[in-house]
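Participant: My questions all concern the structure below.
Read-outs throughout are calculated quantities, based only on the coordinates presented, and are distinct from any laboratory measurement. From a predicted model like this one, the values you see are computed outputs, not experimental measurements. In this analysis, Cβ positions are derived from the backbone assuming ideal geometry, glycine residues included, and neighbour counts consider all displayed protein chains.
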Amino acid sequence: MLAGAPDGTFLGGGTNLVDLMRLGVTTPDVLVDVRRLTSDRIEELPGGALRIGAAVTNSELAADRSVRRRYPALAQAVLSGASGQLRNMATTGGNLLQRTRCAYFQDLTTPCNKRQPGSGCSALHGHNRDLAILGWSPECCATHPSDMAVAMTALGAVVHAQGPDGQRQIPVTELYRLPGDAPDRDTVLGHGELITSVDLPALSFGASSRYRKVRDRASYAFALVSVAAALDVTDGLVRDVRLALGGVAHRPWRATRAEEALRGEPATAERFRSAAVAELVDARPLSGNAFKVPLAVNLIVSTLLELAGGQP
Amino acid sequence: MDVEITVRVDGRDCRLTVDTRTTLLDALRERLGVTSPKKGCDHGQCGACTVLLDGRRVNSCLALAVAHQGAEVVTAAGLADGDGLHPLQQAFITNDAFQCGYCTPGQICSAVGMLAEAEAGWPSAVSGDFDAQKVVLDDGEIAERMSGNLCRCAAYANIVPAIAQVAGR
């Protein structure tokens, strides 16, 4: 569809794209409205998985009874983001692809390697309180703003994409890039590659999941740090766990190190804390966000304790 | 590039030709003379532009008019039934829920949309029982669900009771 329009892009709810166009950050010459090109339904797959159409609105996703019951962390994540009006317009596909809210990215007068490769990163030695502590490069320290994507990362979601070269499935954990030396590319998707749906695999303990978001205001603000977690405790031991962090990197941060440290271990605060510390050991805070490291550790511990509290 | 569209606004069918970059907000205010939704920030952050689009509250400043061909739009100006105020309009007056009035049309449309969402059983970020069949709109729920509507006059203390009153509390 966009084959003949190298500067064209897809339009979902427009809640980020129209804003970026108004700011002059994104300047497509063609918009393809994809809301009716993909499914706007949530369907049950054999085996208990759920397939979320890319055109499902954020509101519909969060309100869906199957999602609320089987993956409460996902519904909570979506509800913690934006406002009622924005959630009514925003689509699943668009939410995944929203751009960073780094102030320098959105300001045409300040150098930004993501917006204009080679121009420099204003945030590295500027205002970076809300930016990355993990995975950043000298070229870019932006964070990914989506709450939904953090929960999907923890829950092992898989993105279906359709492009000029055909269809492919991309685990959400592999959808996003780290900035490296090409921060202008947020994802591995090619031009004209359209997200058609997202699959949530069946997760036996998905109902024991939670999203916690820490921010400067009680509502209507992006995360400083957030956690999506699912925990299966049996006989006081962690049988299985899923953990992802938001607000800390260029993509939702799947905490595989913490997960490995926890599996089979007693479900205690002390074990939760040592696993969280192990995950954050490579954190490299910027000049303005060192607080995010202990905040992330505490939030992981607090969330896991809350989940463990509901299980023997 | 200009495109002809038809939208139903406050019960009236309107046909107009707009540049593809025209927002629904600008189409309403500048082209159709429907000035009840306001341009507070033009970035989807304040909610002063809130209208009901096919029954759901949205920020009209982020909606491209051409993307909503055939849609039903209700603004604050379309809520009354002749001289009979909508219950929310009356409640905002009774509870002194506005000062300058700039955010008010957006607040009221947002509240109408919000009450419908609660009626449909949609949870919010502060809903304790996440799987409850029925939503109980206490002050915390109202504040959370209305967090997308800013009021620089800080009339929030009276906006919440106005909405609570219509919600039946």
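Participant: Once R0 is set to 25 Å, what does the formula 1/(1 + (r/R0)^6) return for the Cβ-Cβ distance between residue A:29 and residue B:54, expressed as a FRET efficiency to the nearest 0.05? Each step should come with its number before you reach the end.
Facilitator: Working: r = 29 Å, r/R0 = 1.15.
Approximately 0.30, to the nearest 0.05.
Participant: For each of B:144, B:119, count neighbouring Cβ atoms within 10 Å of the residue's Cβ, then give the residues from fewest to most.
Facilitator: Least crowded to most crowded, the residues run B:119, B:144.
Participant: For residue A:273 and residue A:36, FRET efficiency with R0 = 51 Å and r from the beta-carbon atoms, rounded to 0.05? Could the numbers behind the result be given before it?
Facilitator: Working: r = 49 Å, r/R0 = 0.95.
Rounded to the nearest 0.05, the efficiency is 0.55.
Participant: Show which aspartates and glutamates lie in cross-link reach of residue A:114 when reach means a straight Cα distance below 14 angstrom and same-chain residues fewer than eight apart are skipped.
Facilitator: A:139, A:181, A:184, A:186
Participant: Please give me the summed charge of the neighbours of residue B:111: other residues whose Cβ is under 10 Å from its Cβ, Lys and Arg +1, Asp and Glu -1.
Facilitator: +2
Participant: Now for a separate question. Identify all lysines with a Cα-Cα distance to residue A:213 below 16 Å; exclude those on the same chain that are fewer than 8 residues away in sequence.
Facilitator: Straight-distance partners of residue A:213: A:292.
Participant: If you don't mind, there's one more thing I want to ask. Based on the alpha-carbon gyration tensor of segment A:1-155, what equivalent-ellipsoid semi-axes (square roots of 5 times the eigenvalues) come out, in whole Å, largest first?
Facilitator: Working: eigenvalues 177, 82, 34 Å².
Semi-axes (√(5λ), whole Å): 30, 20, 13.
Participant: Hey, what did chain B get for relative contact order, percent, Cα under 8 Å, at least 6 apart? Write down the numbers at each step before the final one.
Facilitator: Details: 297 pairs, mean separation 38.2, N = 169.
Across chain B, relative contact order equals 23 percent.
Participant: Given points 7 Å out from each Cα along the Cα-Cβ axis, report the residue A:234 to residue B:133 separation in nanometres with one decimal.
Facilitator: 3.3
Participant: Please compute the Cα-Cα pair-distance distribution of segment A:149-282 with 10 Å bins starting at 0, giving whole percents from short to long.
Facilitator: It works out to 12, 35, 34, 16, 3, 0, in whole percents.
Participant: Once every DSSP H run of n ≥ 4 in chain B is given -39500 (n - 2.57) and the sum is divided by its residues, what mean residue ellipticity at 222 nm do you get, rounded to the nearest 500 deg cm²/dmol? Don't skip to the answer; put the middle values down first.
Facilitator: Values: 4 runs with 42 residues, N = 169.
So the calculated ellipticity at 222 nm is -7500 deg cm²/dmol.
Participant: Figure the gain on full extension for residue A:49 and residue A:256 (residue separation times 0.36 nm, minus the Cα-Cα span) and round it to one decimal in nm. Let's see the in-between values first.
Facilitator: On the way: separation 207, 0.36 × 207 = 74.52 nm, distance 2.22 nm.
Working it through step by step, the gained length comes to 72.3 nm.
Participant: So for the protein assembly as shown, taking the charge dipole from beta-carbon charges (+1 Lys/Arg, -1 Asp/Glu), which of A:136, A:103, B:84 sits furthest toward the positive end?
Facilitator: Of the options given, the answer is A:136.
Participant: Provide the net charge surrounding residue B:133, with neighbours chosen by a C-beta distance below 14 Å and charges set as Lys +1, Arg +1, Asp -1, Glu -1.
Facilitator: On the way: positive: A:65, A:68, A:69, B:134; negative: B:119, B:129, B:131.
Charge balance near residue B:133 sits at +1.
Participant: Quick one: P(r) of segment B:2-78 from all Cα-Cα pairs, 10 Å bins, percents rounded to integers, in order of increasing distance.
Facilitator: Pair shares across the bins are 22, 61, 17.
Participant: What are the ³J(HN,Hα) couplings of segment A:238-253, residue after residue, when phi is run through the Karplus curve with 6.51, -1.76, 1.60 and θ = phi - 60°? Round to Hz, x for glycine and proline.
Facilitator: Values, residue by residue: 6, 7, 7, 8, 10, 8, 9, 10, x, x, 10, 7, 5, 8, x, 9 Hz.
Participant: In debye, nearest 20: dipole of segment B:51-169 around its Cα centre with unit charges on the Cβ of K, R (+) and D, E (-)? Mind showing how you got there, number by number?
Facilitator: Numbers: 6 positive and 13 negative charges, 58 e Å.
Roughly 280 debye for segment B:51-169.
Participant: Still on this model: Specify which residue in the list A:117, A:84, A:15 is farthest towards the positive end of the charge dipole of segment A:3-127, using unit charges on the beta carbon of Lys, Arg (+1) and Asp, Glu (-1), about the Cα centre.
Facilitator: It is A:84, whose Cα lies furthest towards the positive end.
Participant: Give me the percent of DSSP beta bridges within the protein assembly as shown that run antiparallel, rounded to the nearest 5.
Facilitator: Rounded to the nearest five, the antiparallel share is 90 percent.
Participant: Still on this structure: Once every DSSP H run of n ≥ 4 in chain A is given -39500 (n - 2.57) and the sum is divided by its residues, what mean residue ellipticity at 222 nm do you get, rounded to the nearest 500 deg cm²/dmol? Please list the in-between numbers first.
Facilitator: Values: 11 runs with 88 residues, N = 312.
The helix contribution divided over chain A gives -7500 deg cm²/dmol.
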